[in-house]
Amino acid sequence: MAYSGRFVPKNPKKYVGDPNNIIYRSSWECKIMSWLDKNDDILQWASEELIIPYLSPVDNRVHRYFPDFYVKVKDKMGEIREMIWEIKPKKESGPPQKRSRITQKYISEVVTWGVNEAKWKAASEYCKDRGWSFHIFTEKELGV
């Protein structure tokens with residue numbers, strides 16, 4: 001499976017946005033798209049269609065965050081729930097391990113973590129304001 005490409009849904013009516021322009025940026029995202037498209041409990045879904053403003057700790061300016069997925073689901077109790085899902089490698093889902101030497105790679109990891117943390121804080125608030133939930137999935141949760 002390609003790491004990025006165009007996803008063609010079998011159920012385009014479930015997609016919120018343009019179903020002819022769905023892009024996946026990883027094989028994990030493609031698998032999730034396929035699952036969302038096929039799952040009868042998923043009422044609606046979107047990929048990178050929402051825009052959430054966040055304050056970047058790098059330049060102290062407002063930027064736009066496009067979460068990986070918006071999902072509207074009917075749960076086992078028949079309740080309708082809405083949520084935002086972010087897909088990230090485990091190594092990017094928490095702060096980097098302290099190192100004895102400060103390398104360029106370590107600085108880059110710290111910056112990535114700081115930006116991700118700011119995005120996820122904004123997404124959590126966005127969800128809280130709407131009665132939704134925010135979830136981060138790594139290879140552990142995805143079973144890959």
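Brief remarks follow.
- Within the range 51-66, the residues that satisfy the criterion of being touching a Phe, Trp or Tyr at 6+ places or on another chain (Cβ under 8 Å) and in contact (Cβ under 8 Å) with a residue 60 or more places away in the chain are I52, P53, Y54.
- Residues being touching a Phe, Trp or Tyr at 6+ places or on another chain (Cβ under 9 Å) and either over 23 Å from L142 (Cα atoms) or without any contact (Cβ under 8 Å) to a residue 40 or more places away in the chain (or both) - total across the range 1-15: 8
- For D41, the test of being of a type in the set (D, E, K, R), crowded, with 19+ Cβ neighbours inside 10 Å and out of contact with any Cys (no Cβ under 9 Å at 6 or more places or on another chain) is failed.
- Qualifying position, being surrounded by 18 or more Cβ atoms within 10 Å (Cβ to Cβ) and within 26 Å of I42 (Cβ to Cβ), among E86, E139, E82: E86
- Filtered residues of the range 8-25 (kept if open to solvent by less than 40 Å² (accessible area, probe 1.4 Å) and under 12 Å from F69 (Cβ atoms)): Y15, I22, Y24
The values are calculated or read from the model by the stated rules, or taken from the named source; none is laboratory data. Quantities reported herein were computed from a predicted structural model and do not represent experimental measurements. Ideal geometry is used to build each Cβ from the backbone, glycine not excepted, and the neighbour counts take in all protein chains shown. Surface areas here come from the heavy atoms of the whole protein model, side chains and all, with no ligands, DNA or RNA. Shrake-Rupley method; radii C 1.70, N 1.55, O 1.52, S 1.80 Å.
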